[in-house]
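Undergrad: One structure, pasted below without further comment.
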Amino acid sequence: MALPAYAGPLERTWYYSYRVICAAIFLFLIAPILVIIPLSFNAVPFFTFTPEMLSFDPAGYSLRWYRDFVNNPQWIHSLQNSFIVAIASTILATVLGTLAALGLSRPYTPYKSIIMGLLISPMIVPLIISATGMFFFYSSIGLAQTHLGIILAHTALGTPFVVITVTATLIGFDQSLIRAAQNLGASPTTVFFQVIMPLILPGVISGGLFAFITSFDEVVVVLFLADFDQRTIPLQMFSGLREQISPTILAVATILVTFSIILLTTVELLRRRNERMRGMSPQ
Amino acid sequence: MAEAASDPRDVMRTADGTPLKVSIARALRRNRLMALGLIAPLFLFILFSFLIPIVDMSLRSIDNSVVPDNLPRTVEALADWDGENLPPESAFAALAEDLRDGRESREIGKVATRLNYEISGMRGTVMGTSRRVDRIIESGAFKEGLIDANEDWGKPETWLLLKRLSSPYTFGYYLNSLDLRFDPQGAVEAQPEFRRIYVDLFIRTLWMSLLITGLTILLGYPIAHLMATMPLRYSNLLMILVLLPFWTSLLVRTTAWIVMLQSEGVVNSVLVWIGILSDDGRLELIHNKVGTIVAMTHILLPFMVLPLYSVMKTIPPSYMRAARSLGANQFTAFVRIYMPQTVAGIGAGSILVFILAIGYYITPALVGGTSGTLISNQIAYHMQSSLNWGLAAALGVILLGLVIGLYFTYNRLVGVDKMKLG
Amino acid sequence: MKKTLRYTTIGLAGIAGLAFAASAQAVELNVVSWGGAYTASQLKAYHQPYMAANPDVQLNSLDYSGGLAEVRAQAEAGNVTWDLVDVVVADAIRGCDEGLFMELDHNAMLEAAPDGTPPMEDFLEGTVSDCFVPQIIYSFAFAYRTDAFKGEQPKTMADVFDLEKFPGKRTLQRSPVNNLEWALIADGVPVNEVYDVLDTPEGIERAFAKLDTIKSEVIWWTEGAVPAQLLADGEVVFGNGYNGRLFSAIEEEKQPLAMIWDGQVLDIDGWAVPADGKNIDEVLKFMRFATDTQRLADQAKYISYGPARKSSLPLVSTHAELGIDMEPHMPTKYAELGFLTNFQWWADNRDELNERFEAWLQQ
């Protein structure tokens, strides 16, 4: 959205104030993270900027909460569990959800809104009720207190996001493109990967992200379904809420944020390198 | 087209000679089957992993089997009672025997808890009486014995309550969810004023969720638009800023907002420091509605930005250029050409945000104070503390009904076909 | 606190190490408690010595946030996986009524005191109930910021309710339990008559009327971790919370706070055994060990909650890391200033009063 050369003064003013507004919104988005990072080096177990911290006195800072994290095998174990469960349920949810969204977006699909309503119901039902209901049912078929049970539960909670976001990208989708591809002799698989997939990819990715985050941050269902061996990061974070929340959760959050910055930046650098190699100019 | 070919001798045919009508019908059928085939795996998955458990759970909102299951003799003895004065001696005898059996099987506490939801103190009455019931049965004077054990058994209301709860199903929990109740005679009446909470909470929950949805549109639209129209190399960097909050758990983000908003917190301190506020004029930004709205808007904002972005990404920039070259100014082009194409994104984001907002309870519990807590907090309370699962299920079903109702309204008003009309 | 946490870490590492080393035939017991510093004190006083003495038993420590939802769901699903649960007495009574917890024969199942006093007499009066073995006495007491008031400092419950003499925000638990009692005490009702007054409609009116006088200045908390945080941040000048948490804020973290023991509500925390658990025999063995005189006294080394046995009281010594005498920090020392919650009365009245309290909050 570069400013065109023919822009008038009004347009110019709007152009710059628009950027300022956007900058403010981005600041709002990351403000809590800017707060969390310094607080994770706090020397006292409160979520407070102490006078020592504000005067940059080294005594106000410590690595106490990071040591707590690294030295505690329960945290490491929960981290592993969280990733296993979140990745597995994201894959399942993305595949199932994308297929269903494709089906829902085809013309002449019968009972569309009823099916849609049922498919997104896991998002609507208050979690505490889902958790209890699932616990009863999963216990009766032996899935409670297993990794598989939690993965299935989280998949169910994650699919609505995929269905909604992919359906939204498909609304503008021109169905005649599929017929055109078929006329040109493409097999259904080719049509899917060459025609449909590139168009819905942003929706699939954002739906998948939501599914991942839902699982990664979910505590209520885990509380009912998980045993000692399946505890996840959020469960570990919520423990002690009755008495004292340990700032270790801030250290964990900081580590995860750092990790994701590195991951996302690497992906972006690889993409740019890829673009250069292909001789394309960045769009 | 197919309708035009009504004359059987003059039907249009496809290349292989089948009438076009048949061919189209077949294609339609194939299309439908294909669509349903695509939906089926997820549908079956959701059915087994989610819908069956939930239906099972929500049936608890009408389940009333506690009294008929545990006081079978009493229920039978009261069947013919006209509800006037006290029931006959046989009912007292039946109750005494049921209480004895219930104490032995340790099921009587369920009856006590159930009755206590209706009349405070009934728990003590039932439990206390059940401990003395052996002596009453021995003495053979059931009526005097029971009334002597607890005077509640001498009140007709107690017996009317038992009679009312004899049916295995009840709408009582739904009435309670709407701040209504049965009077002793079984007619519906309003709860006394000091027990009315749920209707207000439902209204507040809907209103706050709508407000939060509106705010996320207001904040999400500009940045999604900015990112969608920027070169990818910059927009991807900005996207990191949208995604980062996701990596910090809900509890952490909520705590961070407490640090930001409290009266000695970051926001107030900065405002005092630059002189906008005086030191004793600090704003109350937390433990009230403001706290809930700010924290939840922040937590839910990415759920608006991402669907908006993925829809905006599919809009070719040439449309805007075409509009401008046809003489529309930037504002007109944006409102008339660009915005209608993003309605699907706004819709998807709004549904996500609204529905998630309606079900949050940990964030409102920590930052909401009294004016910022929502119906889910009450559901969680009844699930976890009071163990009144019937009421929790009824509240949950009503909430679900409201959301589904709103979803269909949205579908009718905004509609998934909006794009084709625009 | 730093040290406490390090020891916790070592303790947890030890348990996890055992978990990995445990052989297949070892008995695993799922012991559920509140998490945080409280679970840490139990690990050190109970779990570790027990596992050291019984290498074939592995104790898994799980955290929950209270309530009986999980216990009831497990019982109804016929899949009871929790072997032992740390509960507050109100939940123990409710769970016992509903048949969720096993009824216990205390004298047969628990150790006698070293001098031979049977358990039923050794535990403090009024703390034992059918399905419940008391472990510690804790209290809900108020703390205030020592830098908030010049001159006279608050000492009594009436001071907590006095906005003129001691202005500023307070934080109270969002629940009718305790608050109604305190309101009456602040209004001049003697401690031992509180429940008689509360048992009348006028008494309840009176309690709510007194609460009305401070309502505008109250921040209501729902999670126990919150009050110490609010006090440390200077957001409130008075806060009621678990005395152990306030102790660690005052003594370990050196926050400018002081206790008001007047009107403290004593509450009991202890063990309950879910009925139909899979390892009842093994769990009863562990419980027998964990509630003997020495073990209860040991726990007080790590957290300032008073042991529930009379015979443990003389054994309470100094804090394991801070080296300070724990006796003045035990709520039991100030028992005459406070009262024991009337659990039966609350069990009868909680459903209605909770709705009434919530409705009152919204007014």
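Residue-wise test of (1) in contact with a strand residue (DSSP E or B) (Cβ under 8 Å, 6 or more places away or on another chain); (2) part of a helix (DSSP H, G or I); (3) within 12 Å of chain A (Cβ to nearest Cβ).
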| site | (1), (2), (3) |
| --- | --- |
| B:S310 | no, yes, yes |
| B:P316 | no, no, yes |
| B:G327 | no, no, no |
| B:F331 | no, yes, yes |
| B:V335 | no, yes, no |
| B:G347 | no, yes, yes |
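Undergrad: Oh, and also: From the set of residues in region A:197-220 that are β-branched (V, I, T) and crowded, with 18+ Cβ neighbours inside 10 Å, which is nearest to the other protein chains (Cβ to nearest Cβ)? Write out each step before concluding.
TA: Within region A:197-220, the first condition is being β-branched (V, I, T), and the residues that meet it are A:200, A:204-205, A:213-214, A:219-220.
Within this subset, residues satisfying the condition of being crowded, with 18+ Cβ neighbours inside 10 Å are A:200, A:204, A:213-214, A:219-220.
Details: A:I200: 9, A:V204: 9, A:I213: 5, A:T214: 10, A:V219: 8, A:V220: 9 Å.
Result: A:I213.
Undergrad: Of the residues that sit in region B:209-229 and are within 7 Å of another protein chain (Cβ to nearest Cβ) and in contact (Cβ under 8 Å) with a residue 12 or more places away in the chain, which one is nearest to the chain's Cα centre (by Cα)?
TA: Ranking the candidates gives B:L219 first.
Undergrad: Go through (1) at negative phi; (2) in contact (Cβ under 8 Å) with a residue 40 or more places away in the chain one by one and return the number of the condition A:D174 breaks.
TA: (2)
Undergrad: Among the listed residues B:V22, B:V55, B:V67, identify the single one that is closer than 30 Å to B:G154 by Cα and among the aliphatic types (A, V, I, L, M).
TA: Numbers: B:V22 fails: closer than 30 Å to B:G154 by Cα; B:V55 fails: closer than 30 Å to B:G154 by Cα.
B:V67 is the lone residue from the list that is closer than 30 Å to B:G154 by Cα and among the aliphatic types (A, V, I, L, M).
Undergrad: Restricted to region A:99-126, and to residues that are surrounded by fewer than 17 Cβ atoms within 10 Å (Cβ to Cβ) and more than 8 Å from chain B (Cβ to nearest Cβ), which residue is nearest to the chain's Cα centre (by Cα)?
TA: Looking at residues that are surrounded by fewer than 17 Cβ atoms within 10 Å (Cβ to Cβ) and more than 8 Å from chain B (Cβ to nearest Cβ), I get A:I114.
Table: residues versus (1) without any contact (Cβ under 8 Å) to a residue 12 or more places away in the chain; (2) within 14 Å of chain B (Cβ to nearest Cβ); (3) over 19 Å from C:A112 (Cα atoms); (4) buried (at least 21 other Cβ atoms within 10 Å of the Cβ).
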| site | (1), (2), (3), (4) |
| --- | --- |
| C:D269 | no, no, yes, yes |
| C:K278 | no, no, yes, no |
| C:K301 | no, no, yes, no |
| C:A308 | no, no, no, yes |
| C:E327 | yes, no, yes, no |
| C:E352 | yes, yes, yes, no |
| C:L361 | no, yes, yes, no |
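Undergrad: Let me ask something else. If we keep just the residues of region A:37-49 that are touching a helix residue (DSSP H, G or I) at 6+ places or on another chain (Cβ under 6 Å) and at the interface with chain C (Cβ under 9 Å from one of its Cβ atoms), which is surrounded by the most Cβ atoms within 10 Å (Cβ to Cβ)?
TA: Looking at the filtered set, the residue picked out is A:F47.
Undergrad: Please determine whether any residue of region A:88-98 is under 26 Å from the mean Cα position of the chain (by Cα), over 30 Å from C:A228 (Cα atoms), facing chain B (nearest Cβ under 7 Å) and of a type in the set (G, A, S).
TA: Residues of region A:88-98 that are under 26 Å from the mean Cα position of the chain (by Cα), as a first pass: A:88-98.
Now restrict to residues that are over 30 Å from C:A228 (Cα atoms): A:88-98.
Add one more test, that the residue is facing chain B (nearest Cβ under 7 Å), and what stays is A:96-97.
Filter once more, so that each one left must be of a type in the set (G, A, S): A:97.
Yes, some residue in region A:88-98 is under 26 Å from the mean Cα position of the chain (by Cα), over 30 Å from C:A228 (Cα atoms), facing chain B (nearest Cβ under 7 Å) and of a type in the set (G, A, S).
Undergrad: Given the residues B:L206, B:L232, B:L271, B:L237, which is the only one that is more than 12 Å from chain A (Cβ to nearest Cβ), surrounded by fewer than 17 Cβ atoms within 10 Å (Cβ to Cβ) and among the aliphatic types (A, V, I, L, M)? Give the steps one after another, and end with the answer.
TA: Numbers: B:L206 fails: surrounded by fewer than 17 Cβ atoms within 10 Å (Cβ to Cβ); B:L232 fails: more than 12 Å from chain A (Cβ to nearest Cβ); B:L237 fails: more than 12 Å from chain A (Cβ to nearest Cβ).
Step by step, each of B:L206, B:L232, B:L271, B:L237 is checked, and only B:L271 is more than 12 Å from chain A (Cβ to nearest Cβ), surrounded by fewer than 17 Cβ atoms within 10 Å (Cβ to Cβ) and among the aliphatic types (A, V, I, L, M).
Undergrad: Could you pull out every one of the strands (runs of 3 or more DSSP E) wholly within region C:79-192 that has 2 or more residues that are within 30 Å of B:N288 (Cα to Cα)? Walk me through how you get there before you give the answer.
TA: Values: elements: C:84-88, C:133-145, C:170-173.
Per the criteria, C:133-145, C:170-173.
Undergrad: With the requirement that a residue be within 13 Å of chain A (Cβ to nearest Cβ) and among the polar types (S, T, N, Q), what does region C:237-266 give you?
TA: C:N243, C:S248, C:Q255 - these are the residues of region C:237-266 that are within 13 Å of chain A (Cβ to nearest Cβ) and among the polar types (S, T, N, Q).
Undergrad: For region A:246-279, name all the residues that are free of Cβ contacts under 8 Å to residues at least 24 places away in the same chain and either touching a strand residue (DSSP E or B) at 6+ places or on another chain (Cβ under 9 Å) or surrounded by 24 or more Cβ atoms within 10 Å (Cβ to Cβ) (or both).
TA: A:I249
Undergrad: Does A:F47 satisfy the criteria of being outside any helix (DSSP H, G or I) and in contact (Cβ under 8 Å) with a residue 60 or more places away in the chain?
TA: Numbers: outside any helix (DSSP H, G or I): yes; in contact (Cβ under 8 Å) with a residue 60 or more places away in the chain: yes.
Yes, satisfied.
Undergrad: Something else now. Anything in region B:356-369 that is of a type in the set (V, I, T) and at pLDDT 85 or above? List them, or say none.
TA: First, pick out the residues of region B:356-369 that are of a type in the set (V, I, T): B:358, B:362-363, B:367.
Once the filter is applied, which keeps residues that are of a type in the set (V, I, T) and at pLDDT 85 or above, region B:356-369 yields B:I358, B:T363, B:V367.
Undergrad: Oh, and also: Among (1) out of contact with any helix residue (DSSP H, G or I) (no Cβ under 6 Å at 6 or more places or on another chain); (2) at the interface with chain C (Cβ under 10 Å from one of its Cβ atoms); (3) closer than 15 Å to B:P156 by Cα, which single condition is B:M122 missing?
TA: Status for B:M122: all satisfied but (1).
Undergrad: Might you let me know whether region B:130-142 holds any residue that is in contact with a Phe, Trp or Tyr (Cβ under 8 Å, 6 or more places away or on another chain) and assigned to a helix (DSSP H, G or I)? Step through it out loud before you land on a result.
TA: Of all residues in region B:130-142, those in contact with a Phe, Trp or Tyr (Cβ under 8 Å, 6 or more places away or on another chain) come to B:136, B:142.
Then keep just the ones that are assigned to a helix (DSSP H, G or I); that gives B:136, B:142.
Taking every residue of region B:130-142 in turn, at least one turns out to be in contact with a Phe, Trp or Tyr (Cβ under 8 Å, 6 or more places away or on another chain) and assigned to a helix (DSSP H, G or I).
Undergrad: Can you tell me which of (1) aliphatic (A, V, I, L, M); (2) in contact with a Phe, Trp or Tyr (Cβ under 9 Å, 6 or more places away or on another chain); (3) within 14 Å of chain C (Cβ to nearest Cβ) is the one A:A253 doesn't meet?
TA: If we test A:A253 against (1) aliphatic (A, V, I, L, M); (2) in contact with a Phe, Trp or Tyr (Cβ under 9 Å, 6 or more places away or on another chain); (3) within 14 Å of chain C (Cβ to nearest Cβ), just (3) comes out false.
Undergrad: Let me confirm something: among B:V188, B:V199, which residue is under 21 Å from B:G401 (Cα atoms) and surrounded by fewer than 19 Cβ atoms within 10 Å (Cβ to Cβ)?
TA: None of the others qualify; the one that does is B:V199.
Undergrad: Scan region C:268-320 for residues that are assigned to a strand (DSSP E or B) and at pLDDT 90 or above and jot them down.
TA: Taking region C:268-320 as the starting set, the residues that turn out to be assigned to a strand (DSSP E or B) are C:268-272, C:274, C:306-307, C:309, C:318.
Passing the criteria: C:I268, C:D269, C:G270, C:W271, C:A272, C:P274, C:P307, C:R309.
Undergrad: Search region B:274-308 for residues being assigned to a loop (DSSP other than H, G, I, E, B) and in contact (Cβ under 8 Å) with a residue 40 or more places away in the chain, and hand back the single one that is surrounded by the fewest Cβ atoms within 10 Å (Cβ to Cβ).
TA: Out of the qualifying residues, it is B:N288.
Undergrad: Further question: Determine, yes or no, whether B:E76 is more than 19 Å from B:M122 (Cβ to Cβ) and free of Cβ contacts under 8 Å to residues at least 40 places away in the same chain.
TA: Yes: the conditions hold for B:E76.
Undergrad: Any residue at all in region C:95-113 that is in the same structural domain as C:A73 (by TED's automatic domain parsing), in contact (Cβ under 8 Å) with a residue 40 or more places away in the chain, among the acidic types (D, E) and out of contact with any Lys or Arg (no Cβ under 9 Å at 6 or more places or on another chain)?
TA: no
Undergrad: Right, another one. Evaluate region C:284-297: report whether one residue or more is hydrophobic (A, V, I, L, M, F, W, C), free of Cβ contacts under 8 Å to residues at least 40 places away in the same chain, buried (at least 17 other Cβ atoms within 10 Å of the Cβ) and not assigned by TED's automatic domain parsing to the domain that holds C:A209.
TA: Among the residues of region C:284-297, at least one is hydrophobic (A, V, I, L, M, F, W, C), free of Cβ contacts under 8 Å to residues at least 40 places away in the same chain, buried (at least 17 other Cβ atoms within 10 Å of the Cβ) and not assigned by TED's automatic domain parsing to the domain that holds C:A209, which makes the answer yes.
Undergrad: B:G405 passes all but one of (1) part of a helix (DSSP H, G or I); (2) at pLDDT below 85; (3) touching a helix residue (DSSP H, G or I) at 6+ places or on another chain (Cβ under 8 Å); which number fails?
TA: Here B:G405 meets the rest and fails (3).
Undergrad: Report every pair of residues separated by at least 6 positions or lying on different chains whose Cβ atoms are under 7 Å apart, first residue within region B:380-394 and at the interface with chain C (Cβ under 8 Å from one of its Cβ atoms) and at negative phi, second among the polar types (S, T, N, Q) and in a helix (DSSP H, G or I).
TA: B:M383/A:T132; B:S386/C:N354
The values are calculated or read from the model by the stated rules, or taken from the named source; none is laboratory data. Values in this document were obtained by computation on a predicted structure and should not be read as measured data. Every residue, glycine as well, gets a Cβ built from its backbone with ideal geometry; the counts of neighbours run over all protein chains shown.
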